[in-house]
Amino acid sequence: MDSITVAGFWVIPLIARNGAGGAELAELLDLTARRRLRPLVGTAYDLARARDAHEDLLGRRTKGKHVLRP
């Protein structure tokens, strides 16, 4: 099985540059605001299990985003 990654980026520096991002960034932000674009949540952990979450991530036993609940 191939290892496939979808990587993100930090939007703040992109927005800070005058005109950066253009129509594509505007569409991304619009989709997010309208809740049409949502992250894939793989596993939710209680905060007390943060170590388990990290070990699962390092062990490549996860899909989607981790959520730590207080």
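The values are calculated or read from the model by the stated rules, or taken from the named source; none is laboratory data. Since the structure is predicted, the reported quantities are computational estimates derived from the model, not experimental observations. Cβ: placed from backbone, ideal geometry, glycine included. Neighbour counts: every protein chain shown. With ligands, DNA and RNA removed, areas are computed over all heavy atoms of the protein, side chains included. Shrake-Rupley method; radii C 1.70, N 1.55, O 1.52, S 1.80 Å.
Applying the condition of being of a type in the set (A, V, I, L, M) and open to solvent by 80 Å² or more (accessible area, probe 1.4 Å) to the stretch 42-51 and asking which residue is farthest from Gly8 (Cα to Cα) yields Ala48.
Residues are listed down the side, and each one gets a yes or a no for (1) surrounded by fewer than 12 Cβ atoms within 10 Å (Cβ to Cβ); (2) part of a helix (DSSP H, G or I); (3) on the phi > 0 side of the Ramachandran plot:
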residue	(1), (2), (3)
Glu24	yes, yes, no
Leu28	no, yes, no
Arg35	yes, no, yes
Ala53	no, yes, no
Arg61	yes, no, no
